[in-house]
Amino acid sequence: MTLRLPLPGGGTRAYEPRAEPLAPTASGPLASRTVFSAAHVVADPYADATPDGPAAVDWDATLAFRRHLWSHGLGVAEAMDTAQRGMGLDWTGAAELIRRSAAEAKAAGGAIACGVGTDQLTGPATLAEIRAAYEEQLAVVEESGAQAVLMASRALAAAAAGPEDYLDLYGHLLRQAAEPVILHWLGPMFDPALEGYWGSADLDAATETFLEVIAAHPDKVDGVKISLLDAGREVALRRRLPEGVRCYTGDDFHYPELIAGDEQGFSHALLGIFDPLGPLAAEAVRTLDTGDTAGFRELLDPTVALSRHLFEPPTRYYKTGVVLLAWLAGHQDHFTMVGGLHSARSLPHLARAYELADGLGLFPDPARAEARMRALLTVHGVPR
């Protein structure tokens, strides 16, 4: 049946959903690239929760989604930006998420890396307090048996006087880390509070500090995740990494070309867009495993339009589209988010996300996706 999709300037237009479901893909580990999908959390829609209160999480649905990602050979990047860290999920909820997901990873035999930050701090903090907060979270992740991802800290961005403070604090954390970690550089387009991270708003200067941290402790850095939405900058940084330190692209605009790489190297992946793209992304990487770069690009290039749409400014609200697609795909029974973030994107934005995802064949049951999208449109008063 035809859907009437709302237009940004008013009015609607007809859209004919596709009929065929997403084709199944093979399972098993990926070989040529290490690939993590940052995963969203599923809210408990029956909880009497408020946007500024503790997150109410549906743990069964949240863990089931992680099993879905593992089943396709993807790793899970847990308790990171996609899981609404600092945007609905506080440290108490994140710590429980880390413990539950790490235990589930052990049972499923899946790879997992978990975010370590300082979001238990409220208000201005000293450098000593920031270091202690990082240490507390690092201990939780290491005790769970997961790999640690040292995330950028809003508190550190506010408290640091310059590059020296970053060098000192990260040096301390890396020296005490039990296993090599992933360093995460999240740009201000994802979180405006991170402007000037690594001690400078000049990205060239910030890059030098970032590389100095890595060069001083290459044995404690498994890799770096770069989320700056600048492919040229990522490639230039990638080529300067010490041998053995991997680059994990976090660029949701240019990931096919960055993962495919060039004659001088390639990026692995730790991406929020691989939450809705999980099965398709895994199929593409398996194609790349055979040496078929053209086939990899043929599968993944068409997904960029959807990713650019979901991550359009204000980029930090991309999670809303990600959760919409999880609902439409049948991974959860509702379109509700912790912190009330399901209201963060407009109806025309969500309708376009549905259209792009449907065109890619991302919904295992297109009829169910159509029915759910129709219900959402009806609730918002869109005529049939």
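Some points to look at:
- Rounded tilt (10° steps) of 318-328 against the dominant C-alpha axis of the chain: 40 degrees
- Protection proxy ranking, peptides 281-287, 237-243, average beta carbon neighbours within 10 Å, highest first: 281-287, 237-243
- Under 13 Å from the Ala47 label point (7 Å along Cα→beta-carbon), backbone N, region 317-339: 336-339
- For region 43-82, the solvent-accessible area works out to 43 Å² per residue, with a probe of 1.4 Å and every protein chain left in place.
- Taken per residue, the accessible surface of region 308-384 reaches 36 Å², heavy atoms only and a 1.4 Å probe.
- Accessible-area composition of the chain, carbon plus sulfur, in percent [1.4 Å probe]: 52 percent
- Chain lengthening between Met1 and Glu129 when straightened (0.36 nm per residue, less Cα-Cα): 40.3 nm
- In Hz, Karplus ³J(HN,Hα) per residue of region 297-303 (6.51, -1.76, 1.60; θ = phi - 60°; x = Gly, Pro): 5, 4, 6, 8, 4, x, 7
- The slack in the chain from Ala31 to Asp262, taken as 0.36 nm per residue of separation less the alpha-carbon distance, amounts to 81.4 nm.
- Here the dipole of region 187-247 is about 260 debye; that uses its Cα centre as origin and unit charges on the Cβ of Lys and Arg (positive) and Asp and Glu (negative).
- Note on region 324-354 and region 217-276: Cα centroid distance 28 Å, given to the nearest whole angstrom.
- If R0 equals 25 Å, the separation of the Cβ atoms of Ser200 and Val304 corresponds to a calculated FRET efficiency of about 0.25.
- Comparing Thr92, Thr293, Thr320 in a Gaussian network model of the chain, where Cα atoms under 10 Å apart are tied by springs, the biggest mean-square fluctuation is seen for Thr92.
- Near-label residues of region 182-198 by backbone N, under 17 Å of a point 7 Å along Cα→Cβ of Asp165: 193-198
- Theoretical FRET efficiency, 1/(1+(r/R0)^6), r = Cβ-Cβ of Ala107 and Glu243, R0 22 Å, to 0.05: 0.05
- Region 139-194: C-alpha gyration tensor shape, a/c 1.5 cut-off, then a/b vs b/c: oblate
- Order by protection proxy (mean Cβ within 10 Å, highest first), peptides 361-372, 111-122, 346-357, 76-87: 76-87, 111-122, 346-357, 361-372
- Residue-averaged [θ]222 nm for the chain, counting only DSSP H segments that reach four residues, each worth -39500 (n - 2.57): -13000 deg cm²/dmol
- A simple spin-label model places pseudo-atoms 7 Å from Cα toward Cβ; at Glu136 and Arg368 they are separated by 4.0 nm.
- Cα-based shape type of region 268-372, given that a ≥ b ≥ c are square roots of the gyration tensor eigenvalues and the cut on a/c is 1.5: prolate
- Per residue value of the accessible surface for region 214-303 (all protein chains in place, 1.4 Å probe), Å²: 35 Å²
- Projected label distance in nm at Leu347 and Ala294, using a 7 Å step from Cα toward the beta-carbon: 4.6 nm
- Positive dipole terminus of the chain, leading residue within Ala305, Gly145, Tyr15 (C-beta point charges): Tyr15
- In degrees, nearest ten, helix 203-216 long axis to first principal axis of the chain (Cα): 60 degrees
- Label zone at Arg384 (point 7 Å along Cα-to-Cβ), backbone N below 14 Å, region 1-43: 1-4
- Point-to-point label distance, Glu96-Ala14, nm (Cα→Cβ direction, 7 Å offset): 4.9 nm
The values are calculated or read from the model by the stated rules, or taken from the named source; none is laboratory data. Everything numeric here is computed off the predicted structure, so don't read it as measured data. Cβ atoms come from the backbone with ideal geometry, glycine included; neighbour counts cover every protein chain shown. Heads up: the accessible areas ignore ligands, DNA and RNA and are worked out on the full protein's heavy atoms, side chains in. Shrake-Rupley method; radii C 1.70, N 1.55, O 1.52, S 1.80 Å.
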